[in-house]
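The values are calculated or read from the model by the stated rules, or taken from the named source; none is laboratory data. This structure is a prediction, so every number in the text was calculated from the model and none was measured. Neighbour counts run over all protein chains shown; Cβ positions are idealised from the backbone, glycine included.
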Amino acid sequence: MRQAGKYSGFMMCGGIAGRTGPHSLPLARIKKIMKKSGEDVKMISGEAPIVFSKACELFIEELTRRSWATTLQGKRRTLHKDDVASAIVATDIFDFLVSMVSETASHSEDGTVPEEEETVGSS
Amino acid sequence: MSLVNPCAGLKLSEINMRLAEINHTKNSAAITNNGAAAATTDENECIVREQDRFMPIANVIRIMRKILPPHAKISDDAKETIQECVSEYISFITGEANERCQREQRKTITAEDVLWAMSKLGFDDYIEPLTLYLHRFREMEGDRGSMRAETLMKTSSRAMTAAEYHAAAAGSFAGFAPFHHHGFFGYLKDASISNGAAGTSLSQQANAVAAMANGDHQASHSQYDDNNK
């Protein structure tokens with residue numbers, strides 16, 4: 001866990017963390033996800049999660065923007081999972097996400113998607 | 001794709017909010033003593049294990065709200081879907097970056113590898129803002145834990161004109177070459193001069209940044225010319 005110390009030491013003890021701005025995503029979590037992406041992920045430089053924290057922010061912003069466009073097309077004010085699915089399908093660079101929303105595609109054909117459907121243990 | 005969670009009865013959104021609180025209050029403890037923190041209660045244990053896979057939903061929602069108009073509502077399943085997509089995004093990019101490291105027989109995934117992978121996988125639009133962000137972070141690194149870092153950052157946002165940025169980015173990023181110290185050492189110098197009040201000597205800052213870069217980056221970055229100041 002020495003790698004964690006490199007950035008959690010100065011990033012998390014209140015020194016620099018406050019100065020990178022309030023928008024930072026948790027670096028330790030990012031690093032965990034990076035490590036889980038493959039069996040053979042060995043070492044991660046301290047800066048890589050920093051880049052990801054900003055990149056994920058940009059990613060969420062883009063995905064939200066595109067999803068909301070679909071919401072508006074449907075003249076609605078609530079952004080649904082279907083809207084996210086539409087945005088993913090419509091955007092080339094989001095192709096890697098298609099498998100994650102393919103369940104939604106079959107739901108929307110029913111015409112009804114209950115909002116609180118995603119409870120723990122269901123589907 | 002469904003989330004299997006042994007904490008029956010709790011909605012994922014509720015778990016997310018609670019975990020955001022837990023993480024907020026015992027952040028560094030959770031990082032370094034993850035096993036101990038997870039073992040305290042069964043409930044905490046299953047929450048930590050499950051949520052390690054995702055960004056905290058509170059953060060995700062906050063970023064979404066920056067984009068959406070104030071009256072917009074977001075369904076819970078949309079929030080969770082985007083939360084899952086973020087993790088998938090990280091894995092996707094990391095996989096590509098890691099492959100490149102392995103091809104080049106390097107052990108450490110660097111910021112440059114991540115940026116390279118993003119560009120390769122079609123996220124070119126992100127490269128410019130990310131490069132800028134990384135530059136600013138590296139400047140702050142050079143003067144850790146002092147008010148001067150903040151001053152420098154404020155100065156930098158004024159001093160870094162479009163021309164300087166493009167020069168730094170072009171010098172640093174041509175053909176996805178690793179960042180050259182020369183690029184932002186030159187930048188630091190300009191910032192110090194214009195700021196005037198920055199007491200730390202330029203060579204101190206430059207050394208600190210170089211030390212950090214050398215410490216973090218491994219053999220792959222021996223190509224950096226440390227005399228290039």
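Checked against (1) surrounded by fewer than 22 Cβ atoms within 10 Å (Cβ to Cβ); (2) modelled with pLDDT of 85 or more; (3) among the hydrophobic types (A, V, I, L, M, F, W, C); (4) more than 19 Å from the chain's Cα centre (by Cα), A:ILE44 passes all but condition (1).
Checking each residue in the stretch A:52-83 for being assigned to a helix (DSSP H, G or I) and more than 14 Å from B:VAL60 (Cα to Cα) picks out A:ARG66, A:SER67, A:TRP68, A:ALA69, A:THR70, A:THR71, A:LEU72, A:GLN73, A:LYS81, A:ASP82, A:ASP83. Tell me which residues, restricted to the stretch A:78-92, are within 8 Å of chain B (Cβ to nearest Cβ), more than 16 Å from B:ASP77 (Cβ to Cβ) and in contact with a helix residue (DSSP H, G or I) (Cβ under 9 Å, 6 or more places away or on another chain). Listed by number, the list is empty, since nothing qualifies. Of all the residues in the stretch B:87-108, those that are touching a Lys or Arg at 6+ places or on another chain (Cβ under 8 Å) and facing chain A (nearest Cβ under 9 Å) number 5.
Filtered by the rule that a residue be outside any helix (DSSP H, G or I) and farther than 30 Å from B:TRP116 by Cβ, the stretch B:51-104 gives B:LEU68, B:PRO69, B:PRO70, B:HIS71, B:ALA72, B:LYS73, B:ILE74, B:SER75.
Would you be able to tell me the number of residues in the stretch A:34-90 that are of a type in the set (Val, Ile, Thr) and within 14 Å of B:ALA97 (Cα to Cα)? Spell out the reasoning first.
If we filter the stretch A:34-90 for residues that are of a type in the set (Val, Ile, Thr), which is where we start, we get A:41, A:44, A:50-51, A:60, A:64, A:70-71, A:78, A:84, A:88-89.
Narrowing further to those that are within 14 Å of B:ALA97 (Cα to Cα): A:41, A:44, A:51.
Adding up the residues that qualify gives 3.
Inside the stretch B:111-133, can you point out the residues that are surrounded by fewer than 21 Cβ atoms within 10 Å (Cβ to Cβ), farther than 15 Å from A:THR91 by Cα and of a type in the set (A, V, I, L, M)? Across the stretch B:111-133, the qualifying residues are B:ILE127, B:LEU132. Look at (1) surrounded by 21 or more Cβ atoms within 10 Å (Cβ to Cβ); (2) modelled with pLDDT of 95 or more and you find that B:GLU141 fails only one, number (2). B:ARG136 meets all of the listed conditions (1) facing another protein chain (nearest Cβ under 7 Å); (2) farther than 21 Å from A:VAL98 by Cβ; (3) out of contact with any Phe, Trp or Tyr (no Cβ under 9 Å at 6 or more places or on another chain) but one, namely (1).
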